[in-house]
Amino acid sequence: MKRHNRPLRTVSLRTRSLRTRALLALAVIAGSLAIALTVPVRLGLDLRGGSQVVLETRSTPAAEADREATDRTVEVLRGRIDALGVAEPTLVRSGDHRILVELPGVQNPKKATDVLGRTAQLTVHEVLGRAEDAETTATSADATDARVLPDETGQPLRLKAAELTGQDVKSADARIDQQTGAGWHVTIDFTDTGRDRWTGITADAACHPEGDPQRRVAIVLDGRIISSPQVASAVTCGAGIAGGTTQITGSFDATEARELALLISGGALPVPVEVIEQRTIGATLGDAAITAAARAAVIGTSLTALFVIAVYRLLGLLATLALTCYGLISYAALAALGATLTLPGLAGFVLAIGMAVDANILVFERAREEHANRNRPSTRSALAAGFRGALSAIADSNITTLIAAGLLFAFASGPVRGFGVTLGIGVLASMVSALLISRVLAEYAASRAAVHRRPRITGIAHTGWVRDRLLRRGPHLMRHPRRWLAVSAALLVVTASGILVRGLDFGIEFTGGRLVEYTTSAPVDPDRARAALADAGFPRALVQSSGDGGLTVRAEDLTDADTATVTDTIAGLGGDAEKVRDELIGPTLGDELRRNALIALSLALGAQLAYLAVRFRWRFATAAVGALAHDVLILAGVFAWLGKPIDGVFLAALLTVIGYSVNDSVVLFDRVRELLARDRTAPLARLINRAILQTLPRTVNTGTGAALILTALAVLADDALTDFALALLIGLAVGTYSSVFTAAPLAVELHRRTSTKRAAPEPA
């Protein structure tokens, strides 16, 4: 009886463990489903259309643009935006000096920036008289701190120092006098303090005869007289106007009156602000992007699912179900965190599917090895061993990707930062999908009697054609490591020379400037448009085709008036020209983004090296980071040769390639570490070669699954995602190559050099 106690107890523990994981998986799925059904995900402006404005506060001699002043500015701007009637606006401080404003549905940001950027410094002045010479006194001040400004008719007036400011204003409303037909005017109500001051100003003015300029009161907004009414004849000297209410009259229409009332009642900005970035995305472009990305996601995921099912059969089908849960968990996490889903973020969401597939393939390939090496054990025990053996590789590879995602979040901005958020969430969700949900489904299926009788339907009872061919041939790839390093060096020189020969085409995010994209009713040849714009006064404008008959115009310095001229010129060539995108980046912001990009890349390499040095031997860490730098330079060189823009989307792709590239090296060196623990006497070159042959099936299958998704993005998505997917396809191919033929031989050479130095006799 004692012989049966331990097996029974083991079976009981396995069952209890499976039930615990199953309950946890159900809880995660149920919670995610509840969040997904009740909390919507906010869409970025590039998916729903609208305008984004980045403002930067500026210091003045009288006020410092510190964090507190920026916070007060945000509150003033929030009141102005609310009064504009924009639905679901976003207004947040970014750092100490910047304010991010998102205005969904606003396709003409000029009007919004005019309201947002005005300081709205309201002052009320007594009039000292007409200026004798407007030419010489327009900007001067006399001993009494008087200033000269032209009135509504252009007549210069000398004004006394301000008696009232915007701080004395309680409210302002736009009204129309229906009875007299006088038109629109703005009624101002003063505070208690302002009421007394207003009475004093009008009491002094009433002491002058009618027609005398000194009987007038000047109301100045942002250094311009907007109204200078004369005190009514009914007001007696010394009495003034009681009640603390006045009217600003003029030739206002309804819109102008409302905007003026908004500026006055909103109060003055504590410090001036400057527009350093402006983006406008048409709603039609957003709809097209969503449709294209969704179609690419469905087709790419379907192809990947079919591939996984074809290779791993029943377990592949269960892994596909787990991928569905991955999508649900990722969506729920985005909604719960209140994250904004952008177009690159949607790409990161799709891309993380490849990470989830990679985790499943690592487990299944390891289970295949266990099944083949242990003389046909049970499918369930092979699976359990596969999960245990693959855990360290899954953890290390996903952590390296999380490092890249974290750097994106820390140093990028806008949509690229959103990509970092969704990629990070996707990586974490993929680990839950592969290590929890997929494991529960796989172990439950493996414990069924029908599956136990037919182990081949699981997909792990055979080694697979890639492993079979490798086992039959048994090539020694690391016999001549220097030859592979020479090939890698030649490939690096050919591609990276494009950076020196053609240079990098930095986008406006890194150089500053303005980019406008148009759709035209008739096709427009870029060369013809370039010549027409040169004749219109823009000889340095860069004109390119954007696909689907679209056209992009980029220049370093385009004002709103210049943009209107460009639009008219393009419309003259192609009929109706609709502006679907308008991006304005200030030169200061461009310099900062370029600097942050270099910092992000440097930190990525340093972080990868530090993490791998802790997890592996320093030689392996150096080899992995060396291969990673090799991949980054090749990708940048290929984009230089192709003339592709180096912009924020490229930066997202580049940092993703960093995570992707190091994944293969991590999986390879994780297996080398395992083999070294078993046999410390074998030559390192032979152990690395064995590790390559053992992990190559996983590399081929993972690469194929990721390539299917990226190819769907490259073919079916819009232009921005096409370049993104192209960069990742190049990075995937180069990263797969470099992990075997750059990182591995580099590790062998580093080991040989250090071993030779140790073995060399010391000089006498």
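The values are calculated or read from the model by the stated rules, or taken from the named source; none is laboratory data. All values derive from a computational prediction rather than experimental measurement. Glycine also receives a Cβ, built like all others from the backbone with ideal geometry; neighbour counts cover every protein chain displayed.
Key figures
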quantity	calculated
Hey, residue 271 at pLDDT 75 or above, over 24 Å from residue 192 (Cβ atoms) and in a strand (DSSP E or B) or not	no
Qualifying residue in region 313-324 (condition: modelled with pLDDT under 70 and either crowded, with 21+ Cβ neighbours inside 10 Å or at positive phi (or both))	no
Hits in region 535-573 (condition: in a helix (DSSP H, G or I) and without any contact (Cβ under 8 Å) to a residue 24 or more places away in the chain)	535, 561, 564, 568
Among residues of region 450-472, those that are at pLDDT below 80, in contact with a Leu (Cβ under 9 Å, 6 or more places away or on another chain) and not basic (Lys, Arg), counted	4
Residue 475 assigned by TED's automatic domain parsing to the domain that holds residue 398, more than 42 Å from the chain's Cα centre (by Cα), at pLDDT below 85 and not hydroxyl-bearing (Ser, Thr, Tyr)	no
The one condition in (1) out of contact with any Phe, Trp or Tyr (no Cβ under 7 Å at 6 or more places or on another chain); (2) farther than 14 Å from residue 249 by Cβ that residue 164 fails to fulfil	(1)
Residues satisfying the stated conditions in region 143-173, i.e. exposed (fewer than 14 other Cβ atoms within 10 Å of the Cβ) and of a type in the set (Gly, Ala, Ser)	143, 154, 161, 171
Qualifying residue in region 677-685 (condition: touching a residue at least 60 places away in the same chain (Cβ under 8 Å) and either surrounded by fewer than 21 Cβ atoms within 10 Å (Cβ to Cβ) or assigned to a helix (DSSP H, G or I) (or both))	yes
Qualifying residue in region 526-534 (condition: in contact with a helix residue (DSSP H, G or I) (Cβ under 7 Å, 6 or more places away or on another chain), loosely packed, with under 15 Cβ neighbours inside 10 Å, part of a helix (DSSP H, G or I) and in contact (Cβ under 8 Å) with a residue 24 or more places away in the chain)	yes
Failed item, numbered, when residue 541 is tested on (1) among the hydrophobic types (A, V, I, L, M, F, W, C); (2) over 24 Å from the mean Cα position of the chain (by Cα); (3) crowded, with 17+ Cβ neighbours inside 10 Å; (4) farther than 29 Å from residue 598 by Cβ	(4)
Qualifying residues in region 289-312 (those that are under 17 Å from residue 700 (Cβ atoms) and free of Cβ contacts under 8 Å to residues at least 40 places away in the same chain) - the one surrounded by the fewest Cβ atoms within 10 Å (Cβ to Cβ)	310
Leading residue by the ranking (modelled with the lowest pLDDT) among those in region 685-727 that are closer than 16 Å to residue 740 by Cβ and of a type in the set (Gly, Ala, Ser)	703
Top-ranked residue in region 165-214 [being of a type in the set (S, T, N, Q) and outside any helix (DSSP H, G or I); ranked as nearest to the chain's Cα centre (by Cα)]	171
Residue under evaluation residue 127, criteria (1) over 30 Å from residue 50 (Cα atoms); (2) in contact with a helix residue (DSSP H, G or I) (Cβ under 6 Å, 6 or more places away or on another chain); (3) modelled with pLDDT under 75; (4) of a type in the set (A, V, I, L, M, F, W, C), criterion not met	(3)
Residue within region 691-710 that is surrounded by fewer than 20 Cβ atoms within 10 Å (Cβ to Cβ) and in contact with a strand residue (DSSP E or B) (Cβ under 6 Å, 6 or more places away or on another chain) present	no
Region 544-575 - residue that is among the small types (Gly, Ala, Ser) and within 26 Å of the chain's Cα centre (by Cα) and, of those, modelled with the lowest pLDDT	547
Residue list for region 460-488, filter: surrounded by fewer than 17 Cβ atoms within 10 Å (Cβ to Cβ), part of a helix (DSSP H, G or I) and touching a His at 6+ places or on another chain (Cβ under 9 Å)	468
Every residue from region 215-232 that is part of a strand (DSSP E or B), among the polar types (S, T, N, Q) and at pLDDT 80 or above	230
Which numbered condition residue 654 fails, given (1) within 20 Å of residue 635 (Cβ to Cβ); (2) at pLDDT 85 or above	(2)
Among the candidates 602, 546, residue that is touching an Asp or Glu at 6+ places or on another chain (Cβ under 8 Å) and polar (S, T, N, Q)	546
Test: residue 650 is aromatic (Phe, Trp, Tyr) and farther than 30 Å from residue 468 by Cα	yes
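This table checks each residue for (1) within 30 Å of residue 685 (Cα to Cα); (2) in contact with a strand residue (DSSP E or B) (Cβ under 6 Å, 6 or more places away or on another chain).
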position: 564; (1), (2): no, no
position: 571; (1), (2): no, yes
position: 580; (1), (2): no, yes
position: 595; (1), (2): no, no
position: 605; (1), (2): yes, no
position: 624; (1), (2): yes, no
position: 627; (1), (2): yes, no
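Every residue, every condition in (1) touching a residue at least 24 places away in the same chain (Cβ under 8 Å); (2) more than 25 Å from residue 167 (Cβ to Cβ), yes or no:
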| site | (1), (2) |
| --- | --- |
| 184 | yes, yes |
| 218 | yes, no |
| 228 | yes, no |
| 233 | no, yes |
| 236 | yes, yes |
| 239 | yes, yes |
| 257 | yes, no |
